[in-house]
Structures are given as structure tokens and as C-alpha cells.
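Here's the structure, in C-alpha cells; my notes come after.
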Amino acid sequence: MKDYSTDIAIIGAGVGGVAAALAALRSGRKVILTEEYDWIGGQLTSQAVPSDEHSWIEQFGGSRTYRNLRTAIRRFYRDHYPLTEAARAWDDLNPGAGWVSRMCVEPRVPLAIMEVWLTPYIGAGKLKLFKPCKPVAAEMDGDRVRAVTLRHLRSGEKFTVSARYVIDATELGDLLPLTGTDYVTGFESQAETGEPSAPSSAQPENQQAVSICFAIDHVEGNQIIDKPENYDEWRAVQPDFWGGPLIGFKAPHPRTLEITERSFTPNPDDDPLEVDADQRRNAGDSNLWTFRRIAARRNFVPGAYESDICLVNWPMIDYFEAPIIDCTEEEYAHRLKRAAELSYSVFYWLQTEAPRVDGGYGFPGLRLRGDVTGTDHGLAMAPYIRESRRIKAVTTIVEQDLSHAVCGEAGAVHYRDSVGTGMYRIDLHPSTGGDNYIDVPSCPFEIPLGALLPRERSNLLPAGKTIGTTHITNGCYRLHPVEWNIGEVAGLLAAHCLETETTPHAVQADDRQLEAFQQRLHREGVEIRWPDIRGY
């Protein structure tokens with residue numbers, strides 16, 4: 001078994017893992033980065049989910065490097081895609097003109113940018129990237145993680161990575177059980193957290209739905225796939241709170257829970273430049289085709305695209321039959337297979353049974369675009385994970401820290417040890433315990449350093465959804481720009497501690513050390529406060 005040694009080992013190359021690696025590499029450290037899937041980039045790429053962002057991300061409320069990523073994506077389209085002159089001149093180019101975000105793009109584009117950014121470090125011998133592989137064991141030395149053993153998912157070969165700092169950037173917090181690190185899953189109780197939306201008793205197996213997304217377009221001809229396995233079973237599923245069958249256009253409105261019927265009109269021939277992707281004014285999901293559209297054909301010269309491309313991440317593909325955390329490998333595989341069955345069943349229903357505005361049923365011209373998501377099977381490469389294991393942290397972020405109903409115009413809690421900013425509604429999808437949506441207005445919030453620190457581990461840091469949130473606050477800390485911010489800070493913190501011969505916990509506890517680290521974040525372009533703009 002091969003052994004590798006490095007300064008910083010980052011296990012998981014999703015949004016947070018890539019941000020952590022780039023931050024550590026910019027700081028002059030050697031890094032080993034590993035990833036379970038063939039694509040790095042997680043939510044943005046292998047999971048195929050367009051970036052969920054707040055309304056001010058173009059100006060502030062995120063790190064400089066995250067905005068650089070958005071700029072590079074737009075530049076890639078301008079340099080390599082046959083845009084119309086109007087689209088090319090659109091400063092805030094939204095290639096997909098989706099309503100969910102001002103940055104709706106095909107997943108291969110952010111993948112290309114991240115790979116380009118990492119490539120010089122690979123050439124220089126500063127970065128080793130291993131994929132596809134999963135962590136299977138860890139070796140401890142007191143409160144420190146000494147090494148992690150990983151298994152290559154195709155060859156089966158194992159190798160060991162030892163590092164002075166280890167960052168868990170996996171989607172489900174895989175290192176936490178392997179290292180014996182205390183963690184939480186599912187709902188905490190109201191007695192534990194005091195959260196208005198928490199249940200009276202803890203529900204560790206009550207976890208958010210997982211979804212296997214897919215991309216589709218619509219062309220002439222009959223593209224109908226074979227009837228999926230267990231289609232009739234999925235077609236009969238009707239949750240008590242759904243207002244109809246799970247597979248259908250009726251579903252609860254996330255914010256009001258009223259039963260709402262959405263529409264679906266492929267290629268509506270709308271003007272992309274008129275799309276106003278601002279969640280404050282319009283959730284944008286009334287027409288599911290344009291909601292998460294990732295390529296609007298009218299942004300490109302005539303004939304370049306024969307159809308829009310739509311990313312399906314809709315309520316009806318949410319798999320909340322059973323949790324996927326802390327189950328056996330066999331149960332995990334079976335449950336993801338069930339989630340894939342549901343996605344295929346939704347697609348087949350769209351092709352054959354979905355009601356059309358002309359009174360007919362089905363859209364036989366719909367095609368799965370596995371070429372867009374990088375797979376032969378037609379679905380996304382990886383499941384969209386909304387909720388992870390979460391560390392028992394020095395600081396736990398609770399609902400009342402940022403709920404608009406609690407905080408009002410005074411705004412979210414200001415943390416002494418803030419290391420970033422974010423904003424999104426508390427957005428919890430239906431869960432494995434049978435709960436409906438929990439969708440709560442929130443205030444622009446900060447990211448406390450204490451939430452990145454496990455209580456009893458000195459060199460293990462999270463870089464994503466594994467931070468010290470609750471089930472409820474995970475609902476707004478799990479989105480793309482926040483995950484990037486968390487990962488970037490984890491990479492910078494590990495590098496900072498190596499340079500200054502200190503520890504993450506000492507940085508957080510000591511005012512002078514904390515101020516020095518926050519000054520470093522400022523120089524790196526990581527915003528730690530929301531702007532309070534006044535004259536001078």
C-alpha cells in the first residue's frame with residue numbers, strides 16, 4: 001500500500017474542497033486532494049446544480065475568489081461559445097437565463113475553470129489529485145488525525161495519506177465516524193437548541209431529501225425511454241402533505257405550504273435578457289422549464305442549440321423515503337438506486353403523461369442529456385446532497401441567530417470570530433421523517449470560526465456542510481457561495497497555523513491571533529462583515 005505525505009490533506013473535492021485546496025496552494029503549502037467522483041466541483045458539477053445565490057452576490061456578500069469564479073465562467077462563455085451579440089454584451093451574462101440564479105450554466109464550464117486553476121499546481125508538484133476514491137479508515141494520534149486510508153473505486157487499491165492538517169470536504173462528513181469525531185445528524189431537539197422550528201425531541205434519522213438531478217432538452221421525434229423499473233410504484237406515491245401524487249405538477253409551495261400547480265412549457269421562446277433572477281421578487285419556479293434552465297438557446301446564434309437545456313431539480317425528484325447517512329453500504333447503494341428510479345420515473349412521466357397546455361399528455365421529444373452531466377446513464381454523476389453529518393463544534397449556529405422573524409431589522413447575530421458572510425433563506429426540503437418544507441426568511445449572516453472547529457480534534461477542519469450548524473441552519477449555510485467561503489477559510493486557516501506554529505482553536509480563542517487571521521482574510525478578499533455603507 002502506497003504512503004503519501006503532505007502539509008494539508010483535503011478529502012473531497014466538491015465546492016468547499018476545491019476552494020480549500022486553492023487557498024492552501026496560494027499560501028505556498030503542499031496539498032493532496034481526493035475526490036469520490038470523476039469530476040471535481042460537487043454541487044456545481046457532478047451534482048449538476050446551478051449555483052443558489054443571494055441577490056447581492058454580484059457586488060458583495062461573498063469572497064473575492066468566488067466572484068472570480070463567476071467572472072471566469074462568464075469569460076469562458078464569451079471566449080468559447082457562439083453567443084449572440086446581445087448576450088455577449090450582457091454584463092451579468094446568465095447563459096441559461098434560469099430564474100433560480102443569475103449564474104445558470106452547464107456543469108462542464110465550472111468544471112473546466114476549476115481544473116484550469118488547479119493544473120499549474122499539479123505541474124509544479126505542489127498538488128496531487130486522486131480520483132475516484134473514498135476514505136475507508138483513519139489513524140489517530142491523540143486528538144490529531146495522523147493519516148487517512150483511501151480506496152480507489154475502480155482498481156480497489158488502497159493508499160494512505162498523512163498530513164499535518166486534514167480537511168473533511170466530503171459531501172456526507174465521511175471522516176467524522178472514521179476519526180471518532182463527535183457529530184450530529186438530523187433534527188436536534190428544541191430543548192437542545194431553543195430553535196422555534198425544532199421538534200420537541202431529537203430526530204437523528206430525520207434528514208433532508210436527497211435528489212439525483214438530470215438535464216433534458218426537447219427536440220422533434222419520439223425519444224421515449226423504456227418504462228423504468230418500479231414506475232407504477234413511484235407513480236402511486238402520494239405523501240399526505242403533497243396535495244396529489246408525488247410525480248405531478250402539484251406540490252406544496254415551500255414558503256406558504258399551500259398546494260400550488262406549476263407549469264411546464266419546453267422552449268417557451270422567451271427573451272433571456274428579460275429574466276430577472278432575483279429571489280426577493282420572484283421564486284421563479286412557476287414554469288419548471290425556465291426555473292433551472294442552464295442553456296437558453298436564444299443566448300446563442302441561431303442553430304447553435306436546437307433546444308434549451310433544462311436542469312431538473314424539482315420537488316418531485318426529492319427522495320425522502322429513507323436517510324442515506326449512517327446506514328450500511330448495502331442500504332446506501334439501495335437507497336440511491338431508489339432515488340435514481342424516482343428520477344427516471346419522473347422523466348418517463350414527463351415524456352408520456354405530463355399534462356400539456358393544449359390538452360394533450362406527454363412530451364415525447366424530451367431527451368436525457370447525459371452528455372451534459374458527464375454520464376452514460378443520463379442522470380447527474382453524483383446525488384445532490386443537502387445535509388451532512390455535522391461536527392459538535394465550539395460554536396453551534398442556531399435558527400435564532402439569523403431568523404428574520406426573531407432578529408427583525410436588527411439583523412443576524414454578529415460573531416466576534418466571523419470569517420465570512422452568506423445569505424439564503426432557511427430552505428429545508430421534505431425529510432425522511434415525513435416533514436413538509438421548512439422555509440424561513442433569514443437575515444444576511446456571518447460565518448463564525450468556532451463553527452469550523454470540532455471540540456476535541458486539533459487538526460481536523462470541515463470545508464462545507466459538516467460545520468457546526470443545526471439541521472435547521474444547515475438549510476441556509478449549505479449553498480454554493482457559503483460552502484466556497486467555508487472551504488477557502490479552512491484552507492487558509494490550516495496554512496496560517498502551519499506558518500505561525502499555532503492551532504485553529506488558539507486562533508479562535510485569542511483576540512490577538514484572531515485579529516491577525518481576520519486581517520489575512522481581508523487581504524485575501526474574504527469578507528467577514530456585511531457592508532454598513534455611510535458617507536465619509
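The values are calculated or read from the model by the stated rules, or taken from the named source; none is laboratory data. Computed from a predicted model, the values in this text were never measured in an experiment. Cβ: placed from backbone, ideal geometry, glycine included. Neighbour counts: every protein chain shown. Quick note on the areas: whole protein, heavy atoms, side chains included, nothing else; ligands and nucleic acids left out. Shrake-Rupley method; radii C 1.70, N 1.55, O 1.52, S 1.80 Å.
The dipole here belongs to the chain: it is taken about the Cα centre, uses +1 on the Cβ of Lys and Arg and -1 on the Cβ of Asp and Glu, and is about 1480 debye. Packing order of peptides 463-472, 78-87, highest average first: 463-472, 78-87 (average count of other Cβ atoms within 10 Å over each peptide's residues). Evaluated with a Cβ-only charge set (Lys, Arg +1; Asp, Glu -1), segment 97-181 carries a dipole of roughly 240 debye about its Cα centre, given to the nearest 20.
Against the main long axis of the alpha-carbon atoms of the chain, helix 511-524 sits at an angle near 40°. Considering only ILE467, GLN518, SER189, the residue lying farthest towards the positive end of the dipole of the chain is GLN518, judged by Cα position with unit charges set on Cβ. Computed about its Cα centre, the charge dipole of segment 1-53 is approximately 320 debye, with only Lys, Arg, Asp and Glu carrying charge at their Cβ. Think of segment 171-321 as a dipole: +1 on every Lys or Arg Cβ, -1 on every Asp or Glu Cβ, centred on the Cα centre; then among PHE214, THR179, THR260, THR260 lies furthest on the positive end. In degrees between 0 and 90, to the nearest 10, how far off the longest principal axis of the chain does helix 480-500 point, with axes built from Cα atoms? Approximately 20 degrees, to the nearest 10. Segment 56-122 and segment 334-352 have Cα centres separated by 30 Å.
Have a look at PRO120, TYR37, THR290 and report the one farthest towards the positive end of the charge dipole of the chain, computed about the Cα centre with Cβ charges (Lys/Arg +1, Asp/Glu -1). Of PRO120, TYR37, THR290, it is PRO120. Solvent-accessible area of the chain (1.4 angstrom probe, protein heavy atoms only): carbon and sulfur portion equals 48 percent. All alpha carbon pair distances within the chain were sorted into 20 Å bins beginning at 0; the resulting P(r) in whole percents reads 23, 58, 19, 0.
With helices as the sole contributors, the chain gives -8000 deg cm²/dmol at 222 nm; each DSSP H run of n ≥ 4 counts as -39500 (n - 2.57), and the sum is divided by every residue. Computed from Cα atoms, the angle from the helix 329-352 axis to the main principal axis of the chain rounds to 30 degrees. Between segment 486-527 and segment 252-268, the C-alpha centres lie 44 angstrom from each other.
Give me the accessible area per residue for the chain, probe 1.4 Å, as a whole number in Å².
On a per-residue basis, 38 Å².
With a cut-off of 15 Å between beta carbons, the residues surrounding ILE247 carry a summed charge of -3, where Lys and Arg count +1 and Asp and Glu -1.
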